[in-house]
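Asks: Have a look at this one before I ask anything.
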Ligand code: ADP
């Protein structure tokens, strides 16, 4: 039962299960959806992801009864969606479209949200107290109650979109379809809306959302469908769908996909194309830590320089970037202090390099060996210092003393760009 729904619900009833079976959709000559297959269960949040033109909107239109497939069938609780009267269908499904800029300009916010009740109001009937109650609740849930008496035209794009979502909620749907419904909103409101989506799902509503932002999709969806050129190329849990291979296939770009070890949250970073080319014969060694090495490694590799790194912890994005570029690394396991074996490997890489870069990293007992190794670089060392060492020292002053000595006898840069310029000119 939906959180806005009263005991008794609608006549069609049922749990709100959607099945898309072997569906093909065409627009004149464009084959927009090819053999789409999908089952949506109550309470699920399904994200549709994929590049522009991959068929996400088409799938939403087909499910919501506005674009009849040429092939296949879409059912809601076993009944062909295209056999269900529009008013009855609207009691079950609500759609929030991509852009609503030109709709409803002369209406107040409350009037627009109240329109969401029309599928529940009998022919020639008027709104009941319940309709007004549900409307009020929908206004509150989307945080637009404060604008209830304002004209839609007087709201910002983001506020207007929240009103349209409120209108969809006022329909008390069992299935909520969102077509890039938050793409024009700022990140705080996106998060608020998707938190709301999660609450709706917890109350049993199925949500199907086309989402442009892969990180948002990964964070909020139980399941993702990745579309490419009208085909569902992957369907499953976030980690099964957002793999580097799938992202490369659909978006034609490389990606770093990480799962945070504590929060389990995924983060996806799309990267520019990288085709391994000629690299310099001399190597620059980067001593990374906490992700601070990643932008330096990236910048140096982009300049065509050979780079090595260490000691890298596999939990850091430094490791992902190093792995992505296939560079030589001394690698340590998660949550482990640097072992003497890995330290020796790092020292060897430092000795082989012609320049060693020490980024603006924090030092604690677990990575102090990295600072000691930096000392072995002698005058090959260059430092990137963006914040004072005092704020990055989590040893009882040991790192500060060591760092102070190094700082005396090497070049210190405060900006990445100038450091990279220096390294490039030195090697070039
Ligand atoms: P997405 O939502 O993933 O961006 P769409 O479902 O909108 O993709 O589009 C899928 C394909 O159908 C694209 O090739 C697009 O150009 C085409 N298409 C979408 N809408 C129409 C339309 N009204 N008329 C003709 N072609 C369309």
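Read the figures in this text as sums done on the coordinates, not as results from a lab. What you see is a predicted model, and the numbers here were worked out from it, not measured in a lab. Virtual Cβ from ideal backbone geometry, glycine too; neighbours counted across all protein chains shown.
Asks: Write down the radius of gyration of the range 283-427 and its Dmax, each obtained from C-alpha positions, in Å.
Replies: Every Cα atom of the range 283-427 included, Rg and Dmax give 13.5, 39 Å.
Asks: Taking the mean number of other Cβ atoms within 10 Å as a proxy for protection, how do you rank 131-139, 246-254 from highest to lowest?
Replies: 131-139, 246-254
Asks: Now for a different question. What FRET efficiency comes out for the pair residue 279/residue 187, r = Cβ-Cβ distance, R0 = 35 Å, nearest 0.05?
Replies: Working from the Cβ atoms, E equals 0.40.
Asks: Roughly speaking, what is the centre-to-centre gap between the range 403-428 and the range 112-149 when only Cα atoms are used, to the nearest Å?
Replies: The range 403-428 and the range 112-149 have Cα centres separated by 63 Å.
Asks: If we sort 353-365, 377-389, 309-321 on the protection proxy, mean other Cβ atoms within 10 Å, highest first, what's the order?
Replies: 309-321, 353-365, 377-389
Asks: Would you mind ranking 122, 190 so that the residue whose beta carbon has the fewest other beta carbons within 10 Å leads the list?
Replies: Ranked by crowding around the Cβ, least crowded first: 122, 190.
Asks: Please identify, among 56, 68, 303, the residue showing maximal mean-square fluctuation in a Gaussian network model of the chain using a 10 angstrom Cα cutoff.
Replies: Result for the chain, Cα springs under 10 Å: 303 fluctuates most.
Asks: Could you state the angle between the C-alpha long axis of helix 398-408 and the longest principal axis of the C-alpha atoms of the chain, as a value from 0 to 90 degrees rounded to the nearest 10?
Replies: 70 degrees
Asks: Would you work out if the range 269-351 is rounded, prolate or oblate? Take a ≥ b ≥ c from the square roots of the eigenvalues of the alpha-carbon gyration tensor; rounded if a/c is under 1.5, else prolate when a/b is larger than b/c, oblate otherwise.
Replies: oblate
Asks: While we're on this one: Give me the one-decimal Kirkwood hydrodynamic radius in Å for the range 188-294, with the sum taken over alpha-carbon pairs.
Replies: 16.3 Å
Asks: How do the peptides 25-32, 83-90 rank, highest first, by the average count of neighbouring beta carbon atoms within 10 Å per residue?
Replies: The densest-packed peptide leads the list: 83-90, 25-32.
Asks: Pairs of Cα atoms under 8 Å, at least six residues apart: use those to get the relative contact order of the chain, whole percent.
Replies: Taking the mean separation of contacting Cα pairs over the length of the chain, I get 13 percent.
Asks: Which shape class, rounded, prolate or oblate, goes with the chain when its Cα gyration tensor gives a ≥ b ≥ c as root eigenvalues, a/c under 1.5 marks rounded, and past that a/b bigger than b/c marks prolate?
Replies: It comes out prolate by the Cα gyration axes.
Asks: What shape does the range 24-167 have by the C-alpha gyration tensor, where a ≥ b ≥ c are the square roots of the eigenvalues, rounded means a/c under 1.5, and otherwise prolate means a/b greater than b/c and oblate the rest?
Replies: Verdict is prolate for the range 24-167.
Asks: Return one number: the angle in degrees, 0 to 90 and rounded to the nearest 10, between the long axis of the Cα atoms of helix 129-141 and the longest principal axis of the Cα atoms of the chain.
Replies: The two axes meet at around 10 degrees.
Asks: Taking every DSSP beta bridge that has both residues in the chain, what percent is antiparallel when rounded to the nearest 5?
Replies: Bridges in the chain are about 40 percent antiparallel.
Asks: Taking neighbour Cβ counts within 10 Å as the exposure measure, how do 115, 93, 141 sort from fewest upward?
Replies: Lowest to highest Cβ neighbour count: 115, 141, 93.
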